[in-house]
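Student: Starting off with a structure, shown below.
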Amino acid sequence: MENKQKPDFLFESINYKILLIGLGVIALGFILMSGGGSDDPKVFSDAIFDFRRIRLAPTVVLIGFGITIYSIFKKSK
């Protein structure tokens, strides 16, 4: 008879869930950062300097990094 051992994971399942949420928030930040370019490369567009791309998106990315760091350091019971 084989004695099967349960695989030992580095983190608990809640850590992985928080990590996936953090990665989703980071992806959302990069999606918010995209766009704003002009269709014609010879025409400059001021849309790249709006609030969403300069303030909101980097803040969302940093919050996502904070969530992922929290998921790594969260102690298991």
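Student: Going by the conditions given, is Ile31 open to solvent by 50 Å² or more (accessible area, probe 1.4 Å) and under 10 Å from the mean Cα position of the chain (by Cα)?
Tutor: Considered against the rule, which asks whether it is open to solvent by 50 Å² or more (accessible area, probe 1.4 Å) and under 10 Å from the mean Cα position of the chain (by Cα), Ile31 comes out as no.
Student: Output yes when any residue across segment 3-21 is small (Gly, Ala, Ser) and surrounded by 11 or more Cβ atoms within 10 Å (Cβ to Cβ), and no when none is.
Tutor: No, segment 3-21 has no match at all.
Student: While we're on this one: I'd like to verify a number: residues in segment 10-57 that are under 30 Å from Ser76 (Cα atoms) and in a helix (DSSP H, G or I), how many? Give the steps one after another, and end with the answer.
Tutor: First, pick out the residues of segment 10-57 that are under 30 Å from Ser76 (Cα atoms): 10-29.
Those still in the list that are in a helix (DSSP H, G or I) too: 13-29.
Within segment 10-57, residues that are under 30 Å from Ser76 (Cα atoms) and in a helix (DSSP H, G or I) number 17.
Student: Of all residues in segment 55-77, which are surrounded by 12 or more Cβ atoms within 10 Å (Cβ to Cβ) and over 16 Å from the mean Cα position of the chain (by Cα)?
Tutor: Passing the criteria: only Lys74.
The values are calculated or read from the model by the stated rules, or taken from the named source; none is laboratory data. Bear in mind that the values here come from a model prediction, so they are computed numbers and not experimental data. So basically every Cβ, Gly included, is an ideal-geometry build from the backbone, and we count neighbours across all protein chains shown. Just the protein is used for accessible areas: all its heavy atoms, side chains included, with ligands, DNA and RNA removed. Shrake-Rupley method; radii C 1.70, N 1.55, O 1.52, S 1.80 Å.
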